[in-house]
Each structure stands twice: as C-alpha cells, then as structure tokens.
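Trainee: Structure provided below as structure tokens; questions to follow.
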Amino acid sequence: MLKTPFKITTKLLSVSTLTAACFVGLTSQALAAGEIKYTDQQKLHAIAGDISAQRIGGDIQTLVDFGTRHTLSDTKSETRGIGAARRWIKQEFEKISAQCGGCLEIIEVKDTISGEKRIPDATEVVNIVAIQRGISEPNRMVIMSGDIDSRVSDVMDFTSDSPGANDNASGVAGVIEAARVLSKHKFNGSVVYAALSGEEQGLFGGKILTAYAQKHDWQVHAVLNNDMIGNITGVNGVTDNTTARIFSEGTRVIETKEQARTRRFTGGEVDSASRNLARYIDTIADRYIANLNTMLVYRLDRFGRGGHHRPFNDAGFAAVRIMETNEHYDRQHQDLRIENGIEYGDTIKGVDFDYAAKLTALNAVSLASMAWAPAPPKDVKIAGAVTANTRLSWQASKDNNITGYRIYWRYTSEPQWQFSKTVGKVTQATLNNVVIDNYYFGVAAINKEGIESAVVFPGDVGSFDHNIKIVK
C-alpha cells in the first residue's frame, strides 16, 4: 500500500488466557507498537516467481491478432472476431487442464441478450470459465476475471480493427497465465478463472456469471476483476511500473434501511467485505510482490465509469477492480489513427509485459492465499459500549484446518490494519482497556500453516456471507 510514514506511541495489550475454553482476555501489558506478525509462505513467493511475462505477451499478441473482439463481431470465422477469440481461450484452458490431469472444469456461461441500447439485436454473450475445484470446500470460490471484448471510438462499430491490447487483452492474458501457474497446486477452496464478454456493451458477461454463481449457490468470497493491467505511461506524462490501483466499493448497494441505520451508529462505511478484500490484496503486494505498491482507492471504480466487478457488487459479493495507476486515454476506446502527430489506438506497443506479469502475480498470490486459507469468519459480532473493554465473537467453524483466529484493530482514520493479536481457536475474545469508540475492529481465521483469511468487520456491513439476493 502507498503509505505516509508515521510513528505510533500508543500502548497496546498482550494476551492472558482465561479458564473458559472459548474465551480469551487481553491484559494491559504493553505490546510492540504497530507490529503485525505473519508467517511468511515460501510457496506464495514461488507462485509469484512462476508468472511469465513472455507467456503473457504471447497471449496478448494472439488476442490482438483476432482483429476485433467486439461483442457484436463475427462468431463464425476461425481467425477474426470474438467467436474465434472465445474458442482460442477455451482451447488454452483445455491445454492447461490436460497438463494437470483434468483439474479444470471448463464451461461456457452464456445468455442471449437483445433489446438493449448497445445490443439491439439478439446476440449470444458467452463467458469462458475454468473452475479449479477445492479439495475440502469445492463451493467456496475466489474468482479472477478479465474482459474478452474490445471496441473503438464508436461503441457500435463491430467491423473496424480493434486490437484491445491493454483493454483488455492484458486482463484475459493474466487470467490464462494465473490458471497455468495455480493449476500446479491444490487448494482447499476453489479458484475460478473467468474470461467475460459483453463488458463494453453493458457489463453483460459479469451479470450472466453473477446469476450463474447465485443459481449454483457459489460461496463467492472474492472477485478480482482485472481491467487494463499493462500500461505504465499515463496521458499525464507519468511513467511508473511500480504502482497499481485497487478500487473497492464502500457500503453494499443492497444494504437495507435497517442495516444503514445500524451502520450510522456503529461505523463500517470503509469496512465492507470489498474494502477488506482490497486490504488483503494490498497486504499480499507488500509481502510477496517485489517493487509494487498498491493504492487503495475508496471508490467503486474510476470517476463516473464502470467495470465488470460491479455486477458482483450489485449482488452483494466482495469484488474489486485491479488495474494500472496511470491510464492513457489516447489508447482507450479509440479508432486507430494519427491526428496532429498523436497516435491513437490500443495497440500492443502500449503494453508493458513485465508490468502485466507483476499485476498477474499479485492476483495469483492473492487467489492462492485465499484458497489455501480458511473461509472468512461468519457472524462476527462486537460489543463494549460505555465500558473499558471491547468484546468480539464469531461463529464456530467446522474447518479442522483452523488453528486460531486473529483480532485486528486500527484507528478509525487509518486505511490499513495497524494492530493485531492471535487469540487461539476460540469463539470470542475481549480486549481489556481497548475502548470500542476509538478503533475499528475485525477478525481473521488462521490455518495450520499460518495462512489467514480476509479480515471480517463485525455485523452485516462487513460480512462475506450475508446480504446476498437473487438477481432477477
């Protein structure tokens, strides 16, 4: 995360085990200020190192060579149009699956769309999805997505060349590369690799996959949408290959009036499941991705704009957008041309393969960590008003891999968790002399290897499991 250095002088508290098996108290003995300990995972470093910029570059070139991947473009040709692109992506997933003994379940998740402003005539919108089922929790999902389709200046122009090298061949190439690398491993939860269609015409691919996930009762705990992960030079003249942005919504759009009323008095505007998913990815970047700082952007997406994570957010799922920091608007949604000495168009020479590999590695490590980790704790509750102590509780888990839980807290004005304490395999804990009014709190689950889940903020506002409704 991009940080401003500061010094913490607050005294923290240490653990004192009480006699009750499911209860832990924290005494007033001082802890090292600001220190959050973690167990370094060599296998996560190995995954980051296994991502290939060369393979990603080759895949971007292949996608560019289809000429256009517009949602309304040719579906019959073997060499041009979105149909050819979809079939190639499916073949790549099939090759990967063959190398891992059939570990990928490859499906087409599709629907026919018509009567829309950008899809007036009946058009089949097809997502190519590969599912790597988890060993112990096959219905617990973390998803990485990228968009197949491309466009030029006129969103309805489906015949002109539209390379879409950065927007968004880079994201799709990242999804395929993550599948190549992660398919070599086995996880407790499932990893989903999704190449989505229809983004430029109205986010239809994301809507279709969201409905599919709900219909099949997927426990979706993370959606990492990658939309433009290959450009390092912005229209503002800045060239930077060391930063990336993570966009995340605040409160859920499906929040009820009663939930909003509770949040008004207890907080949580910056602690939705999506925000804490973003914090999790930010922490992964700090620990496992060399020379990369991630910027937590507290907004659903770029100002007034949208992306394919939004349909998942609309259904209540934790979903974020990962992308470059400096966009070049001359290379986005532009006809290929030169005007006044300025070259327009989204061509492959505007993509930095090493940078795309770095952001792909961030995705791959984040997915692996979450899929190996236990599920985020459920039914996290907090109490302690008008007392000196803060009490947290959560639902007992049947996951035998869990060895304990970690409580996190931070000052309400801080973007990232500052303090933490491991409290063992219990269902409640008390922080003595930590006043509830002064901090935000959360709970994460830890497995036998020390890999943690995302942090869960108490109540409906922070839950990774609540508030999910069926999309009609």
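The values are calculated or read from the model by the stated rules, or taken from the named source; none is laboratory data. This one's a predicted model, so the numbers in the text were calculated from it and none came from an experiment. Here the Cβ is made from the backbone with ideal geometry for all residues, glycine too, and neighbour counts use every protein chain on show. To get the accessible areas, we keep the full protein, side chains included, count just its heavy atoms, and leave off ligands, DNA and RNA. Shrake-Rupley method; radii C 1.70, N 1.55, O 1.52, S 1.80 Å.
Trainee: Ignoring ligands, DNA and RNA, what accessible area per residue does the chain give at 1.4 Å, in Å²?
Mentor: That works out to 41 Å² for each residue.
Trainee: Give me the number: length gained by fully extending residue 349 to residue 269, i.e. 0.36 nm times residue separation minus the C-alpha to C-alpha distance, one decimal in nm.
Mentor: Roughly 24.7 nm would be gained on extension.
Trainee: As an exercise, use a Förster radius of 45 Å and the Cβ-Cβ distance of residue 438 and residue 116 to find the FRET efficiency, rounded to the nearest 0.05.
Mentor: 0.35
Trainee: Taking the alpha-carbon set of segment 378-447, what are its Rg and Dmax in Å?
Mentor: 12.2, 37
Trainee: Shifting gears a bit: Past the 33 angstrom mark, what percentage of all C-alpha to C-alpha distances in the chain do you count?
Mentor: 36
Trainee: Sticking with this structure for a sec: Find the centroid of the Cα atoms in segment 88-128 and in segment 46-75, then give the distance between the two in whole Å.
Mentor: 15
Trainee: Let me ask another. Roll a 1.4 Å probe over the protein heavy atoms and report the accessible area of residue 110 in Å², nearest 10.
Mentor: Answer for residue 110: close to 100 Å² accessible.
Trainee: What ranking of 38, 193, 280 comes out by heavy-atom accessible area, probe 1.4 Å, highest first? List each step's numbers first, then the result.
Mentor: Numbers: 38 95, 193 0, 280 25 Å².
Final ranking, largest accessible area leading: 38, 280, 193.
Trainee: Which net charge results for the neighbourhood of residue 393, defined as the other residues with beta-carbon distances under 10 angstrom from its beta-carbon, given Lys and Arg at +1 and Asp and Glu at -1?
Mentor: Net of charged neighbours comes to +1.
Trainee: If you don't mind, another one. Filter the cross-link list 43/448; 90/378; 215/378 down to pairs whose alpha-carbon distance in this structure exceeds 26 Å.
Mentor: The answer is 90/378.
Trainee: Another one. Report, in deg cm²/dmol and to the nearest 500, the calculated mean residue ellipticity at 222 nm for the chain, where each DSSP H run with n ≥ 4 adds -39500 (n - 2.57) and the sum is divided by the residue count. All intermediate terms of the calculation are to be shown ahead of the outcome.
Mentor: Details: 9 runs with 115 residues, N = 472.
When only DSSP H runs of four or more count, the value is -7500 deg cm²/dmol.
Trainee: On the protein heavy atoms, probe 1.4 angstrom, tell me the percent of accessible surface of segment 88-236 carried by carbon and sulfur.
Mentor: 46
Trainee: Counting only protein heavy atoms and using a 1.4 Å probe, what share of the accessible area of segment 378-447 belongs to carbon plus sulfur, as a whole percent?
Mentor: 46
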